[in-house]
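Reviewing the structure listed below.
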Amino acid sequence: MDQILYWNDVALEANRISHTDGKDINTLGPTLSSRALAIVHLAMYDAYVGAAKATSGTSLNHYSPAAPAAAAGTSVAAAIAAAAHTALSALYPSMKTTFDVKYAYSGATEAGTDAGFNYGVAIAKLILADRQNDPSDTDAGYVPPIGRGKHRIDPDNAQGYNAPFYGAASKCFSVSVRHGLDAPPAVGSTEYERALKQVRVKGIAQELMGTLPSNTGKRTVDETLIGIYWGYDGAKNLGTPPRLYNLIVRKVAVENANTLEQNAQLFAMLNTAMGDAGILAWQEKYKYNIWRPILGIREQDKSMGFTGEGNNNIDNDCDPLWLPLGAPKDETGKKNFTPPFPAYPSGHATFGAAAFHITRMFYGVAPNNRTADAVFNGLNFVSDEFNGITKDNNDTTRPRHVRNFPKGLWQMIEENGFSRVYLGVHWSFDAFALDGSGKPDLSKNIGGVPLGLKIAEDIFNNKLTKSSV
């Protein structure tokens, strides 16, 4: 049994369950869930490296400089399983009984594995201790900035400000520098107005599409599907985007018949990249504090909002009653919503670009390649948002949709970025700048995709070295 894939599956189930029962609050939301997955996979990686060095040998080096050497003959399987079980039990204490059962069935508990068990436990405790002072996602003590264009609470949903201190106060996992972004287009600029016109028609609530003027390029059926397909906005039974991206990469790993060593390295790099994406995206979010479309479209006219000026001839691009299709809330009677943190950059775009690009490079795509690839060649993927089981907030079961990606993981990076516009919860520049034809312009350091690409390339090039920033 491949212990990395086995415990990756357990970790992804923990993500899904924690966002269903809400018990393990230190693993909820995009920031803390990416943190948890990074810790688990780094523990497994270092356990593998130490045990492999003591047995069959490996050219990989420990992530943690403080990691001890393993005794000769240490069981690799036992070390990985013990590290995963220890990390998961600390992060998701409400599920420890489940992890105990999973450990018993892991195939890593046979006689003579005590050395591996002890080594894995020690490694996991080392990784956990290193992250014990990470900030939470609380907004206690946060005072939001006031002004036109600044993020405020969604007027259609009662919600707070998620993780305002997390990004700036967290130390990174593996990047060598704290990557940042240029400022997004200013409110009122040509680029901003273009993005506003786009999301107003592409991201509007389904029931309000009839209010749009004719010939405005309304959202298509394909675009509606894409928006929901990539959702995973912490809904019950689905979890967060890092779970989705892990599920996709698992298909690639299985298709390529990865060795245990390859999986140890791939999934550690994947989840560490997303751990740093959660930190750096949230650092930039609360640095720029850009409002979401639900505020920007409703308050496009300067007479709207708390700092409004007198005006009786409303800007035609202003719709004071506009609502988004919304991040999908897969619970009966619950409204779709806008996530409770600033728009720029998109967390989805940052996570997705970091995850998929580091996977591309792992399978031989050049770091500076920004075109189609064959990494997902011939494979299909069914999102849990469209699996024939998940119900929407009207208690209607969505159909099962099998989706393929002929342009590979690069297609996923772009599609995942655009998906948030189709839900009406992001501006296009939250993912990337657009050229004159409406295609991503990655020559500009704007949006979550460029940020995610930089994170991935940094971690890939430094070979998963522990960060000092």
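Under a Cβ-only charge scheme (Lys and Arg +1, Asp and Glu -1), can you give me the dipole magnitude of region 32-173 about the Cα centre, in debye to the nearest 20?
300 debye
Taking only alpha carbon atoms, region 319-469 gives an Rg to Rh ratio of 1.01, where Rh is the Kirkwood radius.
Can you list, largest first and rounded to whole Å, the semi-axes you get for region 222-351 by taking the square root of 5 times each eigenvalue of its Cα gyration tensor?
Values: eigenvalues 290, 62, 26 Å².
So the three semi-axes of region 222-351 are 38, 18, 11 Å.
For the chain, the Cβ-based charge dipole about the Cα centre amounts to some 220 debye (Lys, Arg positive; Asp, Glu negative; other atoms uncharged).
Report, to the nearest whole %, how much of the accessible area of region 75-197 belongs to carbon and sulfur atoms, 1.4 Å probe, protein only. Intermediate results must be reported in sequence, preceding the final value.
Numbers: 3210 of 5610 Å².
Here it works out to 57 percent.
Counting only protein heavy atoms and a 1.4 Å probe, region 20-93 has 30 square angstrom of accessible area per residue. The calculated 222 nm mean residue ellipticity attributable to helices in the chain amounts to -14500 deg cm²/dmol, summing -39500 (n - 2.57) over DSSP H runs of n ≥ 4 and dividing by all residues.
The ellipsoid equivalent to the alpha-carbon distribution of region 205-262 has semi-axes of 37, 14, 6 angstrom, derived from the gyration tensor eigenvalues as √(5λ) and listed largest first. Each listed q (0.15, 0.16 Å⁻¹) maps to a log10 I(q)/I(0) for region 421-469, found by the Debye formula over equal Cα scatterers with no solvent: -0.51, -0.56. Close amide H contacts of SER303 (hydrogens built in the peptide plane, cut-off under 5 Å, sequence separation of 5 or more or a different chain): GLU309.
Computed from Cα atoms, the angle from the helix 190-202 axis to the main principal axis of the chain rounds to 80 degrees. Accessible area per residue for region 173-279 is 36 Å², calculated with a 1.4 Å probe on protein heavy atoms, without ligands, DNA or RNA. Scaling the Cα radius of gyration of region 325-391 by the globular reference 2.2 N^0.38 Å produces a ratio of 1.50. For the chain, the percent of C-alpha pairs falling in each 10 Å distance bin, counted from 0 to the bin holding the largest distance, reads 4, 21, 31, 25, 12, 5, 1, 0, 0. Of the accessible area of region 268-426, computed with a 1.4 Å probe over protein heavy atoms only, carbon and sulfur atoms account for 47 percent. The protection proxy used here, the mean number of other Cβ atoms lying within 10 Å of each residue, ranks peptides 50-62, 419-431 as follows, highest first: 419-431, 50-62. Between region 385-423 and region 130-150, the C-alpha centres lie 30 angstrom from each other. Using the Karplus relation 6.51 cos²θ - 1.76 cosθ + 1.60 with θ = phi - 60°, the per-residue 3J(HN,Hα) values for region 151-158 come to 5, 9, 4, 3, x, 9, 9, 7 Hz, with x marking Gly and Pro. Between the amide H of TRP427 and any residue lying 5 or more places away or on another chain, no distance stays under 5 Å, with hydrogens modeled in the peptide plane.
Which chymotrypsin sites (Phe, Trp or Tyr not before Pro) in region 1-105 pass both tests, a DSSP loop state and at most 15 other beta-carbon atoms within 10 Å?
Working: sites: TYR6, TRP7, TYR45, TYR48, TYR63, PHE99, TYR103, TYR105; in loops: TYR63, TYR105.
Loop-located and lightly packed - TYR105.
The amide H of GLY239, built 1.01 Å from its N in the peptide plane, has GLY234 as neighbours under 5 Å, considering only residues 5 or more places off or on other chains.
Comparing region 1-158 with the 2.2 N^0.38 Å rule of thumb, its C-alpha radius of gyration ratio is 1.23 (two decimals).
A 1.4 Å probe run over region 290-332, with the rest of the protein chains in place, finds 47 Å² accessible per residue. What the phi angles of region 322-339 give under the Karplus curve with 6.51, -1.76 and 1.60, with θ = phi - 60°, is a coupling list of 5, 9, x, 4, x, 4, x, 9, 8, 9, 4, x, 9, 6, 4, 8, 9, x Hz, glycine and proline written as x.
So what is the relative contact order for the chain, in percent, with contacts set as C-alpha pairs under 8 Å and at least six apart? Over the chain, the number comes to 20 percent. How far is helix 3-21 tilted off the main Cα axis of the chain, in degrees rounded to 10, range 0 to 90? That helix lies at roughly 40 degrees to the long axis. Taking the charge dipole of the chain about its Cα centre, with +1 at Lys and Arg Cβ atoms and -1 at Asp and Glu Cβ atoms, the residue from ILE455, ASN336, VAL40 reaching farthest to the positive side is ILE455.
In order along region 131-146, the phi-based Karplus estimate (6.51 cos²θ - 1.76 cosθ + 1.60, θ = phi - 60°) of 3J(HN,Hα) comes to 10, 5, 9, 4, x, 8, 9, 5, 10, 4, x, 7, 10, x, x, 10 Hz; Gly and Pro are listed as x. To the nearest Å, what is the center-to-center distance of region 1-50 and region 259-322, using C-alpha atoms only? Each part reduced to its Cα centre gives a spacing of 26 Å. Considering only GluC sites (Glu not before Pro) in DSSP loops that have at most 15 other Cβ atoms within 10 Å, the longest stretch of the chain without any of them is 111-308. Charge tally for PRO320 (other residues, Cβ to Cβ under 11 Å; Lys, Arg +1; Asp, Glu -1): -3. Ordering PHE386, PHE306 by accessible surface, largest first, gives PHE306, PHE386; the 1.4 Å probe counts only protein heavy atoms, with every chain in place. Using the Cβ of ASN380 as centre and a radius below 12 Å, the other residues enclosed give a net charge of +2, where K and R count +1 and D and E count -1.
Packing here is the average count of other Cβ atoms within 10 Å per residue, and on that basis the peptides 235-246, 271-282, 30-41, 363-374, highest first, run 271-282, 30-41, 235-246, 363-374. Bridging of LYS171 to lysines at a Cα separation below 30 Å is possible for LYS23, LYS53, LYS96, LYS125, LYS150, LYS236, LYS285, LYS287, LYS444, LYS454, LYS463, LYS466, once same-chain residues fewer than 8 apart are set aside.
The values are calculated or read from the model by the stated rules, or taken from the named source; none is laboratory data. Given the structure is predicted, the values throughout are model-derived calculations rather than measurements. FYI the Cβ positions are ideal-geometry reconstructions off the backbone, even for glycines, and counts take in every protein chain you see. Areas reflect the complete protein model, heavy atoms only, side chains present, ligands, DNA and RNA absent. Shrake-Rupley method; radii C 1.70, N 1.55, O 1.52, S 1.80 Å.
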